[in-house]
Number of protein chains: 2
Amino acid sequence: MGITRKLEVKTPVPVDIDIANSVEPLPISVIAEELGLQSQEIEFYGNRKAKVLLSVKDRLKDSPDGYYVVVGGITPTPLGEGKSTTTVGLCQALGAHLGKKVVTCLRQPSQGPTFGIKGGAAGGGYSQVIPMDEFNLHMTGDIHAITAANNLLAAAIDARNFHESTQSDKALFNRLCPADKDKNRVFAKAMEKRLKKLGIEKTNPNDLTPEEVNRFSRLDMDPAKITWRRVLDVNDRFLRKITVGQGPEEKGMTRETGFDIAVASEIMAVLALTTSLRDMRERLGNMVVATSRGGDAVTADDLCVGGALTVLMKDAINPTLMQTLEGTPVLVHAGPFANIAHGNSSIVADQIALKLVGPGGFVVTEAGFGADIGTEKFMNIKCRYSGLKPQCAVIVATVRALKMHGGGPEVVAGRPLDHAYKTENLELLRKGCVNMAKHIENTKLYGVNVVVAVNAFATDTAEELAAVKEAAIAAGAFDAVVCTHFAHGGAGAADLGIAVQKACEQQNGVFKFLYPLDLGIKEKIGMIAKSYGADGVEYSLEAENQIETYTRQGFAGLPICMAKTQYSFSHNAAAKGVPTGFILPIRDVRASVGAGFIYPLVGTMSTMPGLPTRPCFFDIDVDLETGMIVGLS
Amino acid sequence: MGITRKLEVKTPVPVDIDIANSVEPLPISVIAEELGLQSQEIEFYGNRKAKVLLSVKDRLKDSPDGYYVVVGGITPTPLGEGKSTTTVGLCQALGAHLGKKVVTCLRQPSQGPTFGIKGGAAGGGYSQVIPMDEFNLHMTGDIHAITAANNLLAAAIDARNFHESTQSDKALFNRLCPADKDKNRVFAKAMEKRLKKLGIEKTNPNDLTPEEVNRFSRLDMDPAKITWRRVLDVNDRFLRKITVGQGPEEKGMTRETGFDIAVASEIMAVLALTTSLRDMRERLGNMVVATSRGGDAVTADDLCVGGALTVLMKDAINPTLMQTLEGTPVLVHAGPFANIAHGNSSIVADQIALKLVGPGGFVVTEAGFGADIGTEKFMNIKCRYSGLKPQCAVIVATVRALKMHGGGPEVVAGRPLDHAYKTENLELLRKGCVNMAKHIENTKLYGVNVVVAVNAFATDTAEELAAVKEAAIAAGAFDAVVCTHFAHGGAGAADLGIAVQKACEQQNGVFKFLYPLDLGIKEKIGMIAKSYGADGVEYSLEAENQIETYTRQGFAGLPICMAKTQYSFSHNAAAKGVPTGFILPIRDVRASVGAGFIYPLVGTMSTMPGLPTRPCFFDIDVDLETGMIVGLS
């Protein structure tokens, strides 16, 4: 790439926000031009962020793609493995040190945790996306659009049920299809899909029989089977379970429901998996929000709100262009949960990026959680819908996390780290490498070359680092490389960049999925469970019933998105390393029909975080002299 | 102005969205340059919207202001008077037909009603702000920022109460001011304000006595006296009254509360009334969210969240530049409720606009509801905080609305309009003109010249229009002008523009407020009630108690923001014309301490609209061929 930025690296490494604030970002117009984007293909949001319009996909549809690299990790630990940091560092290496065209494709983080415990998600040290505050906060409003669309749909559900309960068939129909002064009525365009679903072929509302009027006008949603919840992008534990409709005007139609954090909305998963405006319109309309008293799935299009949802999401469908500390381009787009959803950034951003970098260029995208979840879903859900095939998968590992997988002592936030993690301990480390080995073996089955990135800490010894490399190669990795991008930026990941380049150039495996779609839901779940090392699967009664319902409703052909803890290959978060001899319990099975997957629940997933006694926001403020944000981490 | 756009007007007037879509907006960079904005003072959001940074206020602080015009109306009726349309039409006239520098300052509409009953708020016919869809939907994310900030504060309140209830003083303090490994503790900067309020002058947390630790660590909010509610920008009636905290992890700490629509948030009122980033930081921190069990006001700064709120609002403080159909500049910024808040667009937008147009130029801003509410609050709240003084107030009137004030028959949505409104009826009209006359008289008391804009309909007769003009002049209006900007754009308001220009140039009254701030709360309420024509005021017990509390807490010096129906000078919406002989009942009194006003409740105000059986969203969709939005009105 032509224009990049030279980093001046300090030791010890300053805190993230200080590094981010110390670098003046390049004008985003420069980044866009460098990537070959035309002026009508970008919309600026200030001069450090821009939306890239999907029209670029059409212009470049016949151009060949660049190399496609996915970054996963070993099974995560509370120690942090630095997956985002490695993704960014690798791209800084490829773009600013190895002269390659490169685009980093990242998820947009939820704003909620930024003010809670976790802090931001823009990478760290000298491998970050900037401006870090804009990345972590509103960005270009995509999550706000999701919140608005999600909650418009929720309001539409309760309002419809209310109006159905208080009106006769005739009154309902008169309002849905009002007569003009000559008694003429018309169906709204938005009603066509429902009419077709009901098998009503009449085009004049006045021709409907009373029975047809009844079926058309009443969605008859069972209040106990409304699955659509409201969302907010804030850590608000008191909204996890609430009762709505307690106002006197709602006439006693109270109902228990709750809020999830916004990124848990199915609309976020739709955004991540869609391939065009037309496709998004279809998926949003197909979202199932409730079951009727008669057992039918009720969709957003049944409520005639699919079009309005698309209108609210029409700008959000365009990825946001930002940059790394070294001035390489980043596309930030979509950030679905990695348990109840598939945890990967958007298909459209990857597609655009692959065309923009072209042959010999690199697109590096991060998958959520460990490779058992993130990379698996990347392959079997995201790549299935996109048609894209990666050449290389990176697996990020650290010495300390592998020691934990080898049986190292528990780590508790706030307490000093055990010396096992800070001094050489080859025995623990070698034992823990089995976890990495299993991720390598699983990932290789997709026909990609696997490169292990050993994210080095100052306390790691040369022997320890060598042991990890050795174990990785023994497990079939194409290469394993020690890197120091946190402390040194792209320069610290240059060897990793070279290894990834070779892995892409020399890839000759045949890409294949873990399971075909035309198997039954249970068979597909079984194959994924087997990849975890499970001896079998057991289903609760609810799960059995749901599988039966979804099969009857015609959704069995969807891919599977396991909602499992990220802290173990198994369902037991405490089982480190490579657990064996377990039966995977499926507590319940749910579906995101619009987004396009079935998600079995392996245990309980929290979809709304809380705030601690002293949240991050205690330290966050605007410096009134400079206008800069302070206290973000 | 140099660059404007020539309108080609069709008869009959097409629907709003078709007119809006038929005009290709000028690049917003052209509008900005034409206004004299420098490139570092604007941030583009696409090429049809831009944020104008507050730094322009500093650059131009010594430049003289242009003329300042506020547009109010007669008492509104369901017939619609066209106040926004007149505001836009007047500016199109001044800018595109009379060669003046002009900026229209408008409120940002709530997105909720766009999908409900009301439709958009960008003006109408050939007097509109474009792109109409972007104006009515996300715009530049300001309302989303308000939603995020409002709800972070709400989450902080419930989380804090939860943690206080489950922890000892010592445990709480240990978390609020954690000790490092040498047992050292520090106060966060955000804690300084609370320490000062508590009279604790110690700077080392370890020096606090157990009693001080208790007072410092416990806000001790009374759950029954938490007044801060959550908000969403959607018409969701089922959220009006809810119970939160019903999840098992919340340990039975359930509480009744509710959601308002986002624009009802106090943070919206803060945005509208603030004058700088520093001032906004102060106001956000001062917002009172609850009363403690000991009777003290608990603020956002007590929760240490004022800084984070400011961070979330730091882009929202910058007004958004858009344009009219004729290419004249518009600043859109803030849209507080006009009953529980003051219903005017932002101070900063007006301040910037007045500098940008300079001497001989015009800034035209709209006030919500009728002049009894919108203009009154413009003068006594907005101008009090801004220090700005208007020269001219426009009052918009229509023949049909005045007929209703004269005793015309009720108007019911969906039923044909009574012939009294469509054929000449000078008797009804003359009777109704008393309503206009009282608004003129009241408005003149501020020392401004009043111009009546008679927004003409095709069914109005020449005699009727003449009668309105005559009555206006008789009541003391500087001028009264018939205008047809809905059908003809700025050309139809050129005479109005000339009248407004003369009214500004010849203004020689002395600007004065209706009441001084240093009176008691009741005396101030009494003076406003008198301006409505009330014989007196009566207070409920709650109102008496609240007035006592606010006086004790030191808030009696704030201006008064009456939450009264807009449909009558009195509290009775059915009392048209000029009601007399009534006592104004004050049901309750509340305060927006951060925004800076006391608001007495005259009757019940709905702060969360609902969706009808067939909401607007049935017709809203994206045309997948063109990408254009259809069905918005």
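The values are calculated or read from the model by the stated rules, or taken from the named source; none is laboratory data. Because the structure is predicted, anything quoted here is derived from the model rather than measured. Please note: Cβ atoms are built from the backbone with ideal geometry, for glycine as well, and neighbour counts cover all protein chains shown. When the accessible area is computed, the model is the full protein with side chains, heavy atoms only, and any ligands, DNA or RNA have been set aside. Shrake-Rupley method; radii C 1.70, N 1.55, O 1.52, S 1.80 Å.
Brief remarks follow.
- Stretched out straight at 0.36 nm per residue, the stretch from A:Leu417 to A:Ala573 would grow longer than its current Cα-Cα span by 54.2 nm.
- Remark: mean inter-chain Cβ contacts per residue of A:171-179 equal 2, using a 10 Å Cβ-Cβ cutoff to other protein chain atoms.
- Angstrom value of the Kirkwood radius, inverse mean 1/r, which spans all Cα pairs in the protein assembly as shown: 32.3
- About the Cα centre, charge dipole magnitude for the stretch B:52-157 (Lys/Arg +1, Asp/Glu -1 at Cβ), debye: 180
- For the stretch A:237-271, accessible area lost to neighbouring protein chains reaches 40 Å² or more, against the chain alone with a 1.4 Å probe, at A:Arg237, A:Phe238, A:Arg240, A:Lys241, A:Thr243, A:Gln246, A:Glu250.
- Kirkwood hydrodynamic radius of the stretch B:272-419, from the reciprocal of the average inverse Cα-Cα distance over all distinct pairs: 18.4 Å.
- Cα-derived Rg to Rh of the stretch B:192-332, Kirkwood definition: 1.07
- Using heavy atoms of the protein chains and a probe of 1.4 Å, the accessible area assigned to A:Ile547 is about 20 Å².
- Average beta carbon contacts from partner chains per residue of B:622-629, 10 Å cutoff: 4
- Whole-number D in µm² s⁻¹ for the stretch A:31-186, Kirkwood Cα-pair radius fed into Stokes-Einstein, 25 °C, 0.890 mPa s: 120
- Semi-axes of the equivalent ellipsoid for the stretch B:353-495, Cα gyration tensor, largest first, Å: 29, 17, 15
- Other residues within the sphere of radius under 12 Å centred on the Cβ of A:Thr299, judged by their own Cβ, net out at -1 (K and R +1, D and E -1).
- Averaged over the residues of peptide B:154-164, the number of Cβ atoms from other protein chains lying within 10 Å of each residue's Cβ is 6.
- For the stretch B:112-247, Kirkwood radius (reciprocal of mean inverse C-alpha pair distance, Å): 19.0
- The alpha-carbon of B:Lys6 sits under 17 angstrom from the alpha-carbons of these lysines, leaving out residues fewer than 8 places away in its chain: B:Lys100, B:Lys101.
- Mean projected area in nm² (Cα convex hull; one quarter of hull surface) for the stretch B:101-181: 10.7
- Residues losing 50 Å² or more accessible surface upon assembly, the stretch A:599-617, compared with the chain by itself, 1.4 Å: A:Leu611, A:Thr613, A:Arg614, A:Phe617
- Basic side chains Lys and Arg get +1 at the Cβ, acidic Asp and Glu get -1 at the Cβ, and with that the dipole of chain A about its Cα centre reaches some 1080 debye.
- Measuring nothing but protein heavy atoms, the accessible surface of chain A at 1.4 Å probe radius is 51 percent carbon and sulfur.
- Taking every protein chain into account, the accessible area of chain B amounts to 35 square angstrom per residue (probe 1.4 Å).
- Under 16 Å from the Cα of B:Lys251 - aspartates and glutamates, other chains or at least 8 residues apart: A:Asp236, B:Asp158, B:Glu164
- Measuring max minus min along each principal axis, the C-alpha atoms of the stretch B:236-282 give extents of 44, 25, 11 Å (largest first).
- Starting from the label point of A:Phe513 at 7 Å along Cα→Cβ, the same points in the other copies fall at 7.0 nm, in ascending order.
- Computed E for A:Val510/A:Ser29 - FRET, C-beta separation, R0 41 angstrom, nearest 0.05: 0.50
- Largest-first principal axis extents of the Cα set of chain A (Å): 84, 57, 52
- Sorted shortest first, the separations between the A:Gly199 label point and its copies elsewhere in the assembly read 8.1 nm; each point sits 7 Å from Cα along the Cα-to-Cβ line.
- Placing unit charges on the Cβ atoms of the charged side chains and taking the dipole of the stretch A:317-437 about its Cα centre, the candidate lying farthest along the positive direction among A:Ile352, A:Leu325, A:His405 is A:Ile352.
- The protein assembly as shown: calculated mean residue ellipticity at 222 nm from DSSP helix runs of at least 4, using -39500 (n - 2.57): -9500 deg cm²/dmol
- Inter-copy label distances for A:Ala474: 10.4 nm (label point placed 7 Å from Cα along Cα→Cβ; shortest first).
- Residue (of B:Val71, B:Thr87, B:Ile42) at the positive-pole extreme of the stretch B:40-101, dipole from beta-carbon charges: B:Ile42
- Rg ratio (alpha-carbon, reference 2.2 N^0.38 Å) - the stretch A:491-531: 1.90
- Among A:Glu441, A:Glu212, B:Glu201, the sequence by solvent-accessible area, most first, with a 1.4 Å probe is B:Glu201, A:Glu441, A:Glu212.
- Both chains summed, the buried accessible area for A and B stands near 6900 Å², from protein heavy atoms and a 1.4 Å probe.
- Residue among B:Ala190, A:Thr549, A:His439 farthest towards the positive dipole end of the protein assembly as shown, charges placed on Cβ: A:Thr549
- Cα-based Rg of the stretch A:510-614 normalised by 2.2 N^0.38 Å, two decimals: 1.15
- Spread of Cα-to-Cα distances over 10 Å intervals beginning at zero, given as percent, for the stretch B:37-122: 12, 32, 38, 16, 2
- Working from label points 7 Å from Cα in the Cα-to-Cβ sense, the B:Lys61 to B:Ala466 distance is 5.6 nm.
- Nearest-20 debye value, the protein assembly as shown charge dipole, Cβ charges on Lys, Arg, Asp, Glu: 720
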